[in-house]
1. Please go through (1) of a type outside the set (K, R); (2) more than 10 Å from A102 (Cβ to Cβ); (3) open to solvent by less than 10 Å² (accessible area, probe 1.4 Å); (4) at pLDDT 95 or above for D82 and return the number of the only condition it doesn't satisfy.
2. Could you check the range 28-50 and list, in sequence order, the residues that are more than 15 Å from the chain's Cα centre (by Cα) and either assigned to a loop (DSSP other than H, G, I, E, B) or within 19 Å of R370 (Cβ to Cβ) (or both)?
3. Sort out for me the strands (runs of 3 or more DSSP E) sitting completely within the range 163-240 that have 2 or more residues that are without any contact (Cβ under 8 Å) to a residue 24 or more places away in the chain.
4. Does C300 qualify as being under 16 Å from P353 (Cα atoms) and buried (at least 22 other Cβ atoms within 10 Å of the Cβ)?
5. Could you list all residues from the range 134-143 that are modelled with pLDDT under 90 and either out of contact with any Gly (no Cβ under 7 Å at 6 or more places or on another chain) or open to solvent by 60 Å² or more (accessible area, probe 1.4 Å) (or both)?
6. Which residues, counting only those in the range 175-199, are surrounded by fewer than 16 Cβ atoms within 10 Å (Cβ to Cβ) and either under 24 Å from the mean Cα position of the chain (by Cα) or charged (D, E, K, R) (or both)?
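The values are calculated or read from the model by the stated rules, or taken from the named source; none is laboratory data. Since we're looking at a predicted model, the values are computed, not measured. Note that we place each Cβ from the backbone using ideal geometry, even for glycine, and neighbour counts take in every protein chain shown. Just the protein is used for accessible areas: all its heavy atoms, side chains included, with ligands, DNA and RNA removed. Shrake-Rupley method; radii C 1.70, N 1.55, O 1.52, S 1.80 Å.
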Amino acid sequence: MRINKINIFKIVLSLKGDFSIAMRKTLNPRIIVVELIGNKDEISGYGEGIPIETATGETPESTIDSIRRFINENRFPWDLNDISQVWDFVDAFPSGKKNNAAICAIELALLDFLGKHQHTAVIDYFPKSYRADKIHYGAPVTLGDMERNIEICKWIKKIGINHVRIKMGKDFERNKNALEATRRILGSGCELRIDPNGVWNRDLAFKHLPVIETCKVNIVEEPMMRDEPGFPEFVRLLGSKDIILMACESAPTLEDVKRIEAEGYYQMINVKLCRSGGFRRSLAMIDEIRKGGLSFQIGCTLGESGILSAAGRTLCLLCGDAVNYDGSYDQFLLKENTTVEDVSFGAGGEAGPLNGFGLGVQVRTQDLLRLAGGHPALTIPRP
């Protein structure tokens, strides 16, 4: 199958509310979409990457430049006929994290393009060893005001979701109130995970221990940087209370996973498809986590459009042994989307495979152009 032209779009999606985290205030997501256009424009493939500078050092501009550079290499599969071509291309990328959003966008576009041409769902290009027929997503409680958080908790209870991630910041009283209200509304049957995004120092972390224990928090996600004074002691105290410590920001690559295993601080790792550079790299990380005896969950990137949500759904379904799943929040977070389909979970957070070939979603070119301001950021013709 011939790829005749590649368009790279830089788009901005509007969110339905404030989804700030401790590391940064909410900004409407700046998303990079790669469009592969086939012979006579019959079939196009789409991939998405969200560059997060604080996670991988990437910006929209650097991501576009990396995509341009990778596509202009002689090894890019302009004639794509077999899945092995995708893996050969992706495996030759340099290691590290600084190109992961770019690699993710290219890889997803190639998989979507090939799958649509071969009438194959992307999930069928991967081993079935841990595949699940359906999974159940969790839901987030944001850093917003208490009134809004209470409304979110009531909605979570109504829809029947039983795993919740509570965003934490540096304000102890705000954190305490949010945690206590969440536990009170959702009851003892709901698993709670708190996520300070690594911004706590020693004193703030230890100040939270009593409320963490009282509210029966199950998982603490990346509370502080591992070189923060007091971190090893905090780890030991969590372990003595059977509270799981999960790595997130400190685990964007396979090399980081191996370091985490060697250090022995964390029992769980949050793997995110975009931050880790697509399926190939994410699944290599997950295989290493399995071999190392740790557990993992599948995370997501704030503001994913339907393209990346669909890819995330596939990764979740490939990992039936994951502890938890985040993602498929489209209708709950986005005012507008890139896809015809609404890639959102149902009652109880339940979700299964998407219908259709490739990633299982269709993109309206006119909507993509509108979201991009009327034109691609870059067009690369077939050489």
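1. D82 satisfies every listed condition except (3).
2. Listed by number, the residues that qualify are N28, V33, V34, E35, I37, D41, E42, I43, S44, Y46.
3. Per the criteria, no element qualifies.
4. No; evaluated as a whole, the condition is false for this residue.
5. Restricting attention to the range 134-143, the residues satisfying the condition of being modelled with pLDDT under 90 are 142-143.
Selection gives T142 alone.
6. E180, R184
One line per residue, one yes/no per condition, for (1) more than 19 Å from the chain's Cα centre (by Cα); (2) buried (at least 24 other Cβ atoms within 10 Å of the Cβ):
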site: R259; (1), (2): yes, no
site: A262; (1), (2): yes, no
site: R280; (1), (2): no, no
site: D287; (1), (2): no, no
site: G292; (1), (2): yes, no
site: A310; (1), (2): no, yes
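Per-residue answers, yes or no, for (1) over 23 Å from A377 (Cα atoms); (2) open to solvent by less than 50 Å² (accessible area, probe 1.4 Å):
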{"residue": "E73", "(1), (2)": "no, no"}
{"residue": "V86", "(1), (2)": "yes, yes"}
{"residue": "A92", "(1), (2)": "yes, no"}
{"residue": "G96", "(1), (2)": "yes, yes"}
